[in-house]
Every structure is written in C-alpha cells, then in structure tokens.
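Novice: Before anything else, here's the structure in question.
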Amino acid sequence: MTLEVFAHRVVGALQCNCYIVGDAAARKAIVIDPGDDADELAGAISGRGLEVTAIVATHAHFDHVLAASRLRELTGAPFLLHRGDLTLLDWVGTSARMWLGIEAGDPPEVDALTGDGEVLAAGAVELEVVHTPGHSPGSVSLVSGEALFSGDTLFAGSIGRSDLPGGDGAELLASIRARLLPLDDDLVVLPGHGPATTIERERRSNPFVGERSGPWSSA
C-alpha cells in the first residue's frame, strides 16, 4: 500500500513541517508534528474526509506539539510520544514563553507511548517508529516504504541541534549514521523543518554525517 501525503503544512512561528499522511482508499490518516495552526490542520483533515488514527510528535519541543491538544479534541485521535520526552513535554509552556513570548497553555495529554519498532497504522499504510535520540532523548523517526519522517534529527544538508535540554551531540550523530543513513538510497526524507531530501543525497554529501564528513560505519 502506497503512503499518501494528504497535506503538508508549514506551521507556527518556527516553521515546523506538519504532515498528514495515510491510506487514500480507507481515508485514514496519521498527523505528524502538529506544531501549531490547529484550525488550519483540522480544515485539511475534514476537507479530505479523513479519519485520524493517531497524532504523533517526533519529539516534544513546543514547536512540534502546540496544536496537539486541539487536534486531539477535534478528531478524538490519541496523541503519541516517546517515553524519553515526557519530561521535555512539561517544559513546553516555559520554552514557548522563552522563545516566542507566548502562553502555550498546558502541554497535550499523552494517550500512548511510542517505542522503537512499533508500527503505527492508518488503514493499510504502516509507519515504523525508529528511536533516534540526540536532538532530544525521545526523538523518533517514522519510516514507511516511501518516506522517512525524520523530525529534527536529519535535515537536508544538516542535522538537528544538540545544545537544547536533553540533547546529546554524539548520540545524534550515532542515531543518524546507524539508523537512518543505511536505509534505501531513494527513500525520501521529509524533515521537521526545511525542504525534502533523500537518503542517498545525505549519505553522499551531508557535511555533518555524510561520507565526506570523515570515516564512519553503519554498524
């Protein structure tokens, strides 16, 4: 079953990529990284007649979760997060004030915890959860046969920050090199910010983790 990207919206002041993806035939979808603009996302969902089976954040930084509570309320879908980022979720209000000077309200309630190797389904479409810590302790990437949703772990020509609370630079590099770059060359990478890329492109030329960045092994 081919994964359908029903909608891609760049949301919030920090320009987070939110993806609504799933099974076109079954009209079922998963919302990835609902960073803000809940009403716009809800309109994209209702306008396509979609049933949301899950709302998942690749990590708990505020710019990836601000719309989660509202979408959870509107769709009835559960909000999923990796256990490693539960502490960061409590920091959402503080960090939103620090970065943007806004009141974000209470953090979204987590209905279920994602774990490495877990499969999230929307109809016949499946996304595998791959734990890729480093940007945050509970950062995950989501992989299907057609796309990798890398959150703030891997970007086009770059990698995520590791200087925020819970970040670990060595762990971030290890996550990308061991868990993402060995994936299929033509797999499309859809990151949490910025343009799409491919695994082959990043393996070949990413200055931080690519083959030209120095010796490394996928083992």
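Novice: Does any residue of the range 89-108 turn out to be in a loop (DSSP other than H, G, I, E, B), open to solvent by 10 Å² or more (accessible area, probe 1.4 Å) and aliphatic (A, V, I, L, M)?
Specialist: Yes: the range 89-108 contains one or more residues that are in a loop (DSSP other than H, G, I, E, B), open to solvent by 10 Å² or more (accessible area, probe 1.4 Å) and aliphatic (A, V, I, L, M).
Novice: Would you pick out the residues in the range 179-217 that are part of a helix (DSSP H, G or I), over 26 Å from residue 9 (Cα atoms) and more than 18 Å from the chain's Cα centre (by Cα)?
Specialist: First, pick out the residues of the range 179-217 that are part of a helix (DSSP H, G or I): 179-180, 199-205, 211-213.
Within this subset, residues satisfying the condition of being over 26 Å from residue 9 (Cα atoms) are 179, 203-205, 211-213.
Those that are part of a helix (DSSP H, G or I), over 26 Å from residue 9 (Cα atoms) and more than 18 Å from the chain's Cα centre (by Cα): 203, 204, 205, 211, 212, 213.
Novice: Next question, about the same structure. If I ask for residues that are modelled with pLDDT of 70 or more and under 16 Å from residue 67 (Cβ atoms), which ones from the range 93-107 would you list?
Specialist: 95, 96, 103, 105, 106, 107
Novice: Just give me the residues in the range 43-62 being out of contact with any Ser or Thr (no Cβ under 6 Å at 6 or more places or on another chain), part of a helix (DSSP H, G or I) and open to solvent by less than 20 Å² (accessible area, probe 1.4 Å), in sequence order.
Specialist: Within the range 43-62, 44, 45 meet the criteria.
Novice: From 60, 67, 124, 170, grab the single residue that is of a type in the set (Gly, Ala, Ser) and in contact with a Cys (Cβ under 9 Å, 6 or more places away or on another chain).
Specialist: Answer to the check: 67.
Novice: For the range 111-166, list the strands (runs of 3 or more DSSP E) that sit wholly inside it and hold at least 2 residues that are under 26 Å from residue 70 (Cβ atoms) and either among the hydroxyl-bearing types (Ser, Thr, Tyr) or open to solvent by 50 Å² or more (accessible area, probe 1.4 Å) (or both); which are they?
Specialist: In the range 111-166, the matching strands (runs of 3 or more DSSP E) lie at 112-114.
Novice: Restricting the range 1-18 to residues that are closer than 12 Å to residue 193 by Cα and β-branched (Val, Ile, Thr), which is surrounded by the most Cβ atoms within 10 Å (Cβ to Cβ)?
Specialist: 11
Novice: Here's a follow-up. Quick one: residue 119 ticks every box in (1) under 16 Å from the mean Cα position of the chain (by Cα); (2) more than 20 Å from residue 149 (Cα to Cα) bar one, so which box is it?
Specialist: Result: residue 119 passes all but (2).
The values are calculated or read from the model by the stated rules, or taken from the named source; none is laboratory data. Please read these numbers as outputs of a predicted model, since none were measured by experiment. Glycine also receives a Cβ, built like all others from the backbone with ideal geometry; neighbour counts cover every protein chain displayed. What goes into the accessible areas is simple: the full protein's heavy atoms, side chains included, and nothing from ligands, DNA or RNA. Shrake-Rupley method; radii C 1.70, N 1.55, O 1.52, S 1.80 Å.
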